[in-house]
Amino acid sequence: MNDLDEQITWLESTLNECSKKLRGDLFNDQIEIYDLAFSRAELLAAKVMRRKAASNPLIEAMSNFFSLEVISNIAERIQRNNAHYQVDLNPLLDFKNNSIYLSSGYLKELGGLIIQQGLPLEDFDEEKSLMRDTFRNFAEDIVKPLAEKIHRENLLVPDSILEPLKELGCFGLSVPVSFGGLTPDQQDDSLGMVVATEELSRGSLGAAGSLITRPEIMARAILEGGTQEQKERWLPNIAKGEPLCAVSVTEPNTGSDVASVALKATKTSGGWLLNGGKTWCTFAGAAGLILVLARTEEDESLGHRGLSLFVIEKERHEGESFVIEQTKGGKLSGKAISTIGYRGMHSFEIFYDDFFVSDDCLIGLDEGRGKGFYYTMKGFSGGRLQTAARACGLMRAAFEDAIKYSSERKVFGNSVSEFPISIARFARMGAYIVACKELTYQVAGLMDKGEGQMEASLVKLLACRAAEWVTRDALQIFGGMGYAEETSVSRYFLDARVLSIFEGAEETLAIRVLGKSLLEES
């Protein structure tokens, strides 16, 4: 079996067989499920790359390397757990005609092409090409000159970034035209959101690339479960970026286990009293709207069916702490959490103390009681795709900086970019960046058809993990200067580490989300 496409097809069938050998236990099968989830993600990216290979000789060369590396990775994972699977791997051992794609000679040739030509751009239509160019220029001209100061001094995103983005309609990318946004009323425009996010993340993950995430999650949740009056009340303002948004779902004791949320909402005259704590609520101080997931039903056996979703309206606070005291004694307080990266918006720990929320702030009103988990997941599916786009933009920024620096930096009589080890690094970095980008675009198309929920989790797994080592290798190319705060690549490295944690930690996605799908398939 020498053809890459044949091997990919065989592996896909083999992974299905491995899934059937699972014991049906998400706890005891964690190691196997985790490996299978990443294998599915890599294989899906390889299939997309194989389909794109004919469009561009450089992508074809990248596809040859990436596909064979994926095949090797998956074979190794299966072998590691094969005492459980009992799969015959002999059909994969014959690499006679394509083993060259992993050779040092092929990597040097591929890396040389990438250094000369740069990473290929997607052949978008006129509208998406204009969008890409617009946000790319904005990131280059406005965001990048401010990014380092924001990061080093832990500043809030300034109005010099926010106001132009509002004018560009950035916050309305997930809001339908009929409510003042940019998305067609007939269907979502996930690709537009991905393109804008990728380019803004190239400028700064925290100060630009993540600004769209919270309005997107909130907008999707309101569109999924809100009444017509609630949509008319909140969506036009979300689209204008007035006010800014935050999402209050994660709790100190539950992390990514959204179904175990404990923040209590108790019915009272005219509304609800919220009591409990939340954490990692990004932009909570500056936000005027906060999406809050709370437990409204006393019967704990209901689990995720006892959760409801609220929208809190509050005043903007610029600092790293805030307190809101209501006339009847309720209080909402927040304090920013110090982080090593992902700076610009501040992530808050929040406490609700008999904080009153009126009935009309419950998404879906009485019809929405107990459905908050589902509305939240609708928002998070788009957030996972967007996080993959953020990872792609961040990887590209690190890659481009490393290319530029390595061509100028001389060591032992040669520029760093001339050393074979550097050339091979660029080959692998470039191939993974393009594979993640192509898969992200593919999943965006699926989501616009109402599909792609599982694929959104797969692409987040792959792209966020890739961003960690791509930024690591970029920093390594800089050597000692990469470890200095004065270089942007040190910021990229710190920012990349958060990607596999937020919007669903990779373990939760791999085991609880994708693992559940694997068990259902088997």
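The values are calculated or read from the model by the stated rules, or taken from the named source; none is laboratory data. These numbers come from a predicted model, not from an experiment. Backbone-built Cβ (ideal geometry, glycine too); neighbour counts: all protein chains shown. All accessible areas refer to the heavy atoms of the entire protein, side chains included, with ligands and DNA or RNA removed. Shrake-Rupley method; radii C 1.70, N 1.55, O 1.52, S 1.80 Å.
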- Query: Can you name the residue in the stretch 286-333 that is more than 30 Å from E367 (Cβ to Cβ) and part of a strand (DSSP E or B) and, of all such residues, is most open to solvent (accessible area, probe 1.4 Å)?
  - Reply: E325
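Filter the stretch 26-54 down to the residues that are farther than 19 Å from R80 by Cβ and more than 26 Å from the chain's Cα centre (by Cα) and list them by number.
Within the stretch 26-54, just A54 meets the criteria.
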- Note on the structure: Within the stretch 149-174, the residues that are assigned to a loop (DSSP other than H, G, I, E, B), among the hydrophobic types (A, V, I, L, M, F, W, C) and touching an Asp or Glu at 6+ places or on another chain (Cβ under 9 Å) are L156, L173
- Query: Would it be correct to say that A456 is open to solvent by less than 40 Å² (accessible area, probe 1.4 Å), among the aliphatic types (A, V, I, L, M), within 15 Å of the chain's Cα centre (by Cα) and modelled with pLDDT of 95 or more?
  - Reply: no
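For the condition of a type in the set (K, R), part of a loop (DSSP other than H, G, I, E, B) and surrounded by 15 or more Cβ atoms within 10 Å (Cβ to Cβ), what is the one hit in R384, R343?
Numbers: R384 fails: part of a loop (DSSP other than H, G, I, E, B).
So the residue among R384, R343 that is of a type in the set (K, R), part of a loop (DSSP other than H, G, I, E, B) and surrounded by 15 or more Cβ atoms within 10 Å (Cβ to Cβ) is R343.
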- Query: Is there a residue in the stretch 407-424 that is within 25 Å of the chain's Cα centre (by Cα), buried (at least 20 other Cβ atoms within 10 Å of the Cβ) and closer than 27 Å to P57 by Cβ?
  - Reply: no
- Note on the structure: By residue number, the members of the stretch 192-215 that are surrounded by fewer than 24 Cβ atoms within 10 Å (Cβ to Cβ) and closer than 23 Å to Y374 by Cα are none
- Query: In the stretch 251-274, how many are closer than 25 Å to H317 by Cβ and at pLDDT 90 or above?
  - Reply: 7
- Query: Which residue out of L273, L223 is farther than 24 Å from S338 by Cα and within 23 Å of the chain's Cα centre (by Cα)?
  - Reply: L223
- Message: Report every pair of residues separated by at least 6 positions or lying on different chains whose Cβ atoms are under 9 Å apart, first residue within the stretch 134-155 and under 15 Å from C170 (Cα atoms), second open to solvent by 60 Å² or more (accessible area, probe 1.4 Å) and of a type in the set (A, V, I, L, M, F, W, C).
- Response: T134/L168; F135/L168; F138/L168
- Of all residues in the stretch 459-500, which are in contact with a Ser or Thr (Cβ under 6 Å, 6 or more places away or on another chain) and surrounded by fewer than 19 Cβ atoms within 10 Å (Cβ to Cβ)? M481
- Message: Any residue at all in the stretch 501-522 that's assigned to a loop (DSSP other than H, G, I, E, B), of a type in the set (S, T, N, Q) and open to solvent by 60 Å² or more (accessible area, probe 1.4 Å)?
- Response: yes
- Task: Kindly provide the set of residues from the stretch 266-285 that are closer than 17 Å to H346 by Cβ, open to solvent by less than 10 Å² (accessible area, probe 1.4 Å) and in a strand (DSSP E or B), ordered by number.
- Result: K278, C281
- Query: Can you tell me which residues in the stretch 139-155 are of a type in the set (A, V, I, L, M) and open to solvent by 30 Å² or more (accessible area, probe 1.4 Å)?
  - Reply: I142, L146, L155
